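Novice: One structure, pasted below without further comment.
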């Protein structure tokens, strides 16, 4: 289902770009834009044109995380996964209560965990790495 949603967002973004090009009168750019994603978008285009109000609503939304970031998969011990989920739920509740906006796991939480985890590991020597591994 998330792949379908991603495809719908891509279609809406593409249609918005095409409308912007039509308004600006730059017809020479249109064939190149259509050629970039012609395989997935051609069959879906007629269906999407029947939804005139939705593209305007999604123009306000941020793009798909899949399009903005690189998917990275990892395996964690169950206890670390549980700690990660617990921390996410706590931070999500606090952040959303304070700022009244969504705190997304893939867009916000995971990049924070990796950034500050990398910062804490930077500059460690081999013996310090061994100590941290032993403490897991």
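The values are calculated or read from the model by the stated rules, or taken from the named source; none is laboratory data. Treat the numbers as computed from the prediction; the structure is a model and nothing was measured. Methodologically, a virtual Cβ is constructed for each residue, glycine included, from the backbone with ideal geometry; neighbour enumeration extends over all protein chains shown.
Novice: Tell me, which helices (runs of 4 or more DSSP H) lie completely within region 53-126 with 1 or more residues that are in contact with a helix residue (DSSP H, G or I) (Cβ under 6 Å, 6 or more places away or on another chain) and at pLDDT below 95?
Specialist: Working: elements: 54-60, 65-68, 78-99, 110-121.
Passing ranges, in order: 54-60, 65-68.
Novice: Scan region 102-131 for residues that are free of Cβ contacts under 8 Å to residues at least 40 places away in the same chain and within 16 Å of the chain's Cα centre (by Cα) and jot them down. Talk me through it step by step, then tell me what you get.
Specialist: Here is the first cut: in region 102-131, the ones free of Cβ contacts under 8 Å to residues at least 40 places away in the same chain are 102-105, 108-110, 112-131.
Selection gives 102, 103, 104, 105, 108, 109, 110, 112, 113, 114.
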